[in-house]
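The values are calculated or read from the model by the stated rules, or taken from the named source; none is laboratory data. All values derive from a computational prediction rather than experimental measurement. Counting neighbours? That spans all protein chains shown, and the Cβs are built from the backbone with ideal geometry, glycine included. Calculation scope for accessible area: heavy atoms of the full protein, side chains included, ligands and nucleic acids excluded. Shrake-Rupley method; radii C 1.70, N 1.55, O 1.52, S 1.80 Å.
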Amino acid sequence: MESLRELYRIGRGPSSSHTMGPEKAARIFKERFPHAHSFQAVLYGSLAKTGRGHLTDQAIQKVFAPKDCAIVFDTHTPVAHPNTMDLLALTNGTVCGTCRVESVGGGKILIQGEERETAADVYPHRRFTELKEYCHDKALTCWQYVEQMEGPEIWLFLADIWLAMKNEIYAGLSAEGELAGGLHVLRKARFLYQQKHMDETSETRECRMVCAYAFAAAEENASGGQIVTAPTCGSCGVLPSVLLYMQDKRGFTDQDILRALATAGLIGNIIKTNASISGAECGCQAEIGSACSMAAAALAALHDMDWDQIEYAAEVALEHHLGLTCDPVAGLVQIPCIERNAVAAMRAINALSLANFLTYARKISFDTVVKTMYETGRDLFSKYRETGEGGLAKHYQPN
C-alpha cells in the first residue's frame, strides 16, 4: 500500500475527484504544452453530469487562465471509468496534443497510456488480516507499524494534516450566510455550536458539538475552502470532528491525535487499495462509509483498544453504510452531503461503543466488509453513483 501522504491531501473543495483531480491533470497538461494558444476539456460520465455543481469547469479553467479553455460536458459517450476527461491543446485552431485522464478519487489521477500515477508502496501488507498478524508477531501497535513503515518523519506530515483539519473546522464555525449554488442552503455549523442550554445533558451536548464540527468542515468544503481529504473532500468532516471533540472533552494530546490519524490512515488505505473511495465508482458508501470506518478506528486507537477492537470498530462502521447512494442535489456537495458528515461522525462514536462491548462475539471481518462494499458499489445503478440522476437529486426540486 502507498504512503499515508497519498491518502491525506490538503486542497480546495468541494470534491477531490471532481475538482482536485481535474485541476491536477490540467496543471500537468499545461506544463506539457506551454506554447498552445488554447485548450479544451471534454468531461464524461459523472464529471459531465455533476461537474458544474462540483465546480469542475471552474477548477480547470482557472489552471489554464489567461488562455481560453472550452469545457464540453459529454453526458452520452460511454467510458470505462465514470470520472473520465479528455484534454486537448490547440495552436491556431489545430489540435497539437491530447491526453485522457481518469480521476479515481482522493485527488489521484491516472493518465491513459502512461504508468499509473502511484508512489512506491511503503506498506507490504494489503489487507487488515495480514498487517494484524504481522503486528501481533512483532508486538506492534497500529501507530508503531505506521512509524516502522513510513519512518519517523511521518509525524511531521500528520502534524500538518491535523493543523489543517482543525483550521477547516474553525473556519467553518466562524462563517455564516448562504452557500453558493442556488439551493439556498444556509451554513448551520455556527448555529449548532452556539445553541447552549442550561439543562443540556452530556449526551445532547456531545451530539451538538460533534455535529457542529462536522457541519463546519463539510460546509467549508462545499464553499470551496481549504480542507483535508479524509479520505475525500465530500467526507472531510467525519474524522476531524470526532477527534477534535474527543481532544476537547478528554484532553488527549496532539501526539495522541496523530497516532489516531495514523490508525485511521491504515483503514483508509486498505479500503482504497482493495475497493474504492470514489463516490462516482461505488456510491457514497465509498466516501462517507470509508470516513466513518476511519473515524471509528481512530477513536478505538485513541482509547487504547487492541487490534481486534480496532478492527471491529472499523468493520461495523463500514458495514452499516453498505449500499449508501451518492445522489447530490443539483450536483452540489450540499444536500445530502453536509448532513451525512454529521450523521457518520455520530455513527463512528456508536461503533466505538459497540467495539468496547461486543468485539469478541463478532462474525464478520473488516476485509470481508471491504470486499462486500466494493462489489455492492459496482452493482449500484449508475444514477446512484454521483451522477445527480437518482435518489434525492431526482425527487427534490429546489425552488
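In segment 281-310, which residue that is at negative phi and among the acidic types (Asp, Glu) is surrounded by the most Cβ atoms within 10 Å (Cβ to Cβ)?
Here the answer is Glu287.
So Ala295 passes all but one of these: (1) touching an Asp or Glu at 6+ places or on another chain (Cβ under 8 Å); (2) of a type outside the set (S, T, N, Q); (3) modelled with pLDDT of 95 or more. Which condition number does it fail?
Of (1) touching an Asp or Glu at 6+ places or on another chain (Cβ under 8 Å); (2) of a type outside the set (S, T, N, Q); (3) modelled with pLDDT of 95 or more, only one is false for Ala295: (1).
Out of the residues in segment 338-360 that are buried (at least 24 other Cβ atoms within 10 Å of the Cβ) and either more than 28 Å from Gly13 (Cα to Cα) or small (Gly, Ala, Ser) (or both), state the one that is farthest from the chain's Cα centre (by Cα).
Among those that are buried (at least 24 other Cβ atoms within 10 Å of the Cβ) and either more than 28 Å from Gly13 (Cα to Cα) or small (Gly, Ala, Ser) (or both), it is Ala355.
Among the residues of segment 285-310, write down those that are farther than 26 Å from Gln334 by Cβ and not in a helix (DSSP H, G or I).
His303, Asp304, Met305, Asp306
Quick test of your reading of the structure: Arg5 fulfils all but one of (1) open to solvent by 50 Å² or more (accessible area, probe 1.4 Å); (2) not in a helix (DSSP H, G or I). Name the failing condition by number.
For Arg5, the failing item is (2).
If you check Asp160 against the conditions, is it of a type outside the set (Gly, Ala, Ser) and modelled with pLDDT of 95 or more?
Answer is yes for this residue.
For the list (1) without any contact (Cβ under 8 Å) to a residue 24 or more places away in the chain; (2) closer than 26 Å to Pro14 by Cβ, I need the number of the one condition that Val101 fails.
Checking Val101 against (1) without any contact (Cβ under 8 Å) to a residue 24 or more places away in the chain; (2) closer than 26 Å to Pro14 by Cβ, the one that fails is (1).
Just to verify a result, which residue in segment 311-337, among those that are among the small types (Gly, Ala, Ser) and in a helix (DSSP H, G or I), is surrounded by the fewest Cβ atoms within 10 Å (Cβ to Cβ)?
Once the filter is applied, the top-ranked residue is Ala330.
Residues that are open to solvent by less than 20 Å² (accessible area, probe 1.4 Å) and touching a Pro at 6+ places or on another chain (Cβ under 7 Å), at least 3 per element: which strands (runs of 3 or more DSSP E) completely within segment 35-138 meet that?
none
Could you list, ordered by first residue, the pairs with Cβ atoms under 8 Å in which the first is in segment 6-21 and over 19 Å from Ile335 (Cα atoms) and the second is among the basic types (Lys, Arg) and open to solvent by 10 Å² or more (accessible area, probe 1.4 Å), at least 6 apart or interchain?
Glu6/Lys108; Leu7/Lys272; Met20/Arg9; Met20/Arg12; Gly21/Lys108
Which ones in segment 365-394 are out of contact with any helix residue (DSSP H, G or I) (no Cβ under 6 Å at 6 or more places or on another chain) and surrounded by fewer than 18 Cβ atoms within 10 Å (Cβ to Cβ)?
Ser365, Thr368, Lys371, Thr372, Glu375, Arg378, Asp379, Phe381, Ser382, Lys383, Lys394
Please find, within segment 357-392, the residue that is nearest to Trp307 (Cα to Cα) out of those that are among the polar types (S, T, N, Q) and part of a helix (DSSP H, G or I).
The qualifying residue nearest to Trp307 (Cα to Cα) is Thr359.
Which residues, counting only those in segment 179-235, are out of contact with any helix residue (DSSP H, G or I) (no Cβ under 9 Å at 6 or more places or on another chain) and in contact (Cβ under 8 Å) with a residue 12 or more places away in the chain?
Listed by number, the list holds a single entry, His184.
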